[in-house]
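Q: Before I ask anything, let me first share the structure, which is written out below as structure tokens.
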Amino acid sequence: MGVGHSSLSSCSVDSLCIIAFTAQPKTSSFSNSNRQKPLFPTKKHSPFAVLKIGTLNCARVAGEMEIGKGIAAAGKPIVDLHGIDDGLIQKIVYDALVWSSLHGLVVGDRNDQRSGKLPGVGMVHAPIALLPTSFPESHWKQACELAPIFNELIDRVSLDGKFLQDSLARTKKVDAFTSRLLDIHSKILEMNKKEEIRLGLHRSDYMLDEKTKLLLQIEFNTISSSFAGLGCLVTDLHRTLLNDYGEDLGLDSKRIPGNTATGQFAEALAKAWTEYNNPRAVAMIVVQTEERNMYDQHWLCTVLKERYNVRTIRKTLAEIDSEGQLLPDGTFLVGGQAVAVVYFRAGYAPTDYPSESEWRARLLMERSSAIKCPSISYHLAGTKKIQQELAKPNVLEKFLESKEDIAKLRKCFAGLWSLVDSDITKKAIEKPELFVMKPQREGGGNNIYGDDVKETLLRLQKEVSEEDAAYILMQRIFPAVSPTFLIRDSICHKEHAISELGVYSAYLRNKESVIMNDQCGYLMRTKVSSSNEGGVAAGFAVLDSIYLT
């Protein structure tokens, strides 16, 4: 099995990258939840003028720090922020905002109701870190090396329908959303339908645990891995800034690894389209009804058209139900156009299925001969419960032959347990700050932390129900904390922050022939360390890149 690699060359406009995330703070993912008030002031709420530098929210910038009840030594920043002149920061921020505007590093403005529906309306720069975040080169190489191994694992797990159904059987009883996905999967199994061409565009998320110095996996995303286009642009932005100001800052732009996610994701989609072998067919992006992150998606569509002459259409699940048609030979038509590849950027959360119309559309697509990214089996293979099952002793051996590959995967596994494990449940009640409770959800904002872990576990014990099957327990990860500059709504803030690395990968197989199995760039997300929420869209986290140390 080949190992993906990343060059240190800069990321040009036509080799952009594709990145996404669904996770939360100093533990296990960066969410898109709106349950807390954003920590960054916005133009609507803030009296600050554009480019005003916010005050440092924490007292100490270096040395050892305490994070709540957790423990984490402060991470060493790549540059002494106290030593940078405010005038220089003003210049860098100004240049960063101009560059973002000129190069399409933009998202829809939450304050404009039309921004999620019409392109070109209500655009603002994406929330970004002003400078890249330091990351050990050895751990970066480890994460890249793991990508093709995880791809192979997920593909083999997806082919074991009994394993997926059995592992999620208890969850099905208490989780209506997972139950509906399993029902579709069961129908496909009953049809004995073979997905000869299988395509996965994935992202594996990691945090570097400060205490153990281990790179630990948070989750493996098999559906809607987003922010590739914009994440690539952030990498290019940071290299540009260091080319201009690196001498003043004492930083080398070549230490930022090149990010090729958009180009490689587009290549994988184009190769899948070619394997489908219908030059008149289109690739279809399944989108939400309001998508303020549409520009990230459009970067991928642009590369597909300009580099591979593959046309794309964008449809919601409701539109697919209304316009979709399945021909007797399995050909899938939408609005009269044959669809070769279905690429999901929606459909991963219960809110994406407000009616039976959306569920009909999902089943219709699964029944068709179009290549699904992901198929229903790939979608289920990425659930939290399957992640926990794979971490059990002797389970990886069912799917992988290489002892070396198995050892590499196990090294990055954080602690994962079912709630039927009474010893772990007891420990989580006694020390809830060391655990995270996770439901079977993607998209972030769903996890349970701190005292809420204790209260939820005690409630489940008291009720003596099977609701515990809806969750898994995960070891909480405590990454290093370091001072950094974060920019949102043109306002720069100096904050103590933590980061999460997502590594993208693409996998394409036609029958027994593996056409592509590569690591495809990365996404770095950075957020204020004091928050349990971390979504970029929700106002907590920003897009970032890495500086190899």
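Coordinate-derived values only; no laboratory data. This one's a predicted model, so the numbers in the text were calculated from it and none came from an experiment. Cβ sites come from the backbone with ideal geometry, for glycine too, and all protein chains shown count toward neighbours.
Q: Pairs to check: K187/K454; K91/K527; K385/K426; K305/K398; K454/K494; K172/K427. Give those whose C-alpha atoms are more than 29 Å from each other in this structure.
A: Numbers: K187/K454 38 Å; K91/K527 23 Å; K385/K426 20 Å; K305/K398 40 Å; K454/K494 33 Å; K172/K427 26 Å.
Distance filter (> 29 Å) returns K187/K454; K305/K398; K454/K494.
Q: Moving on to the next point. To the nearest 0.05, how large is the calculated FRET efficiency for T351 and E247 if R₀ is 51 Å and r is the Cβ-Cβ distance? Walk me through the numbers on the way to the answer.
A: On the way: r = 49 Å, r/R0 = 0.95.
Calculated transfer efficiency: 0.55.
Q: Taking 7 Å along the Cα-to-C-beta vector as the label spot, tell me the V395-D95 distance in nanometres, rounded to one decimal.
A: 4.9 nm
Q: At 0.36 nm per residue, and after removing the present C-alpha to C-alpha distance, how many nm does the segment from I515 to V79 gain when stretched out fully?
A: 152.7 nm
Q: With only Lys, Arg, Asp and Glu charged, each at its Cβ (+1 for the first two, -1 for the last two), find how big the charge dipole of the stretch 415-476 is about the Cα centre; round to the nearest 20 debye.
A: Numbers: 9 positive and 12 negative charges, 33 e Å.
Dipole size: approximately 160 debye.
Q: For the pair K426 and L326, how long in nm is the line joining their label points, each one 7 Å along Cα→Cβ?
A: 5.0 nm
Q: Would you please classify the overall shape of the stretch 415-476 from the alpha carbon gyration tensor, given that a ≥ b ≥ c denote the square roots of the eigenvalues, rounded means a/c under 1.5, and beyond that prolate means a/b larger than b/c while oblate covers the rest? Mind showing how you got there, number by number?
A: Details: a/c = 1.44, a/b = 1.14, b/c = 1.25.
It comes out rounded by the Cα gyration axes.
Q: Let me ask something else about it. Using DSSP to call loops (not H, G, I, E or B), can you name the trypsin sites (Lys or Arg not before Pro) in the stretch 246-297 whose Cβ has at most 12 other Cβ atoms within 10 angstrom? It would help to have the intermediate numbers written out before the result.
A: Numbers: sites: K254, R255, K271, R280, R292; in loops: R280, R292.
In loop regions of the stretch 246-297 (DSSP not H, G, I, E or B), the sparsely surrounded trypsin sites (Lys or Arg not before Pro) are R280.
Q: So if each residue of separation counts as 0.36 nm, and I subtract the Cα-Cα distance between K162 and F413, what length gain in nm does that give?
A: On the way: separation 251, 0.36 × 251 = 90.36 nm, distance 2.38 nm.
Value of the extension gain: 88.0 nm.
Q: Report ³J(HN,Hα) in whole Hz for each residue of the stretch 122-132, in order, from the Karplus equation J = 6.51 cos²θ - 1.76 cosθ + 1.60 where θ = phi - 60°; Gly and Pro get x.
A: Ordered by residue, 3J(HN,Hα) equals x, 8, 9, 5, 5, x, 9, 7, 5, 10, x Hz.
Q: Quick one: if the Förster radius is 41 Å, what FRET efficiency do T240 and N309 give, using the C-beta to C-beta distance and rounding to 0.05?
A: Numbers: r = 30 Å, r/R0 = 0.73.
Calculated value: 0.85.
Q: Still on this structure, I have one more. Along Cα→Cβ, 7 Å out, is where each label goes; now give me the distance between the ones at K211 and K173 in nm to one decimal.
A: 3.4 nm
Q: For a label point 7 Å from the Cα of L88 along Cα→C-beta, name the residues of the stretch 234-266 whose backbone N is under 14 Å from it.
A: Of the residues in the stretch 234-266, 242-252 have backbone N under 14 Å from the label point off L88.
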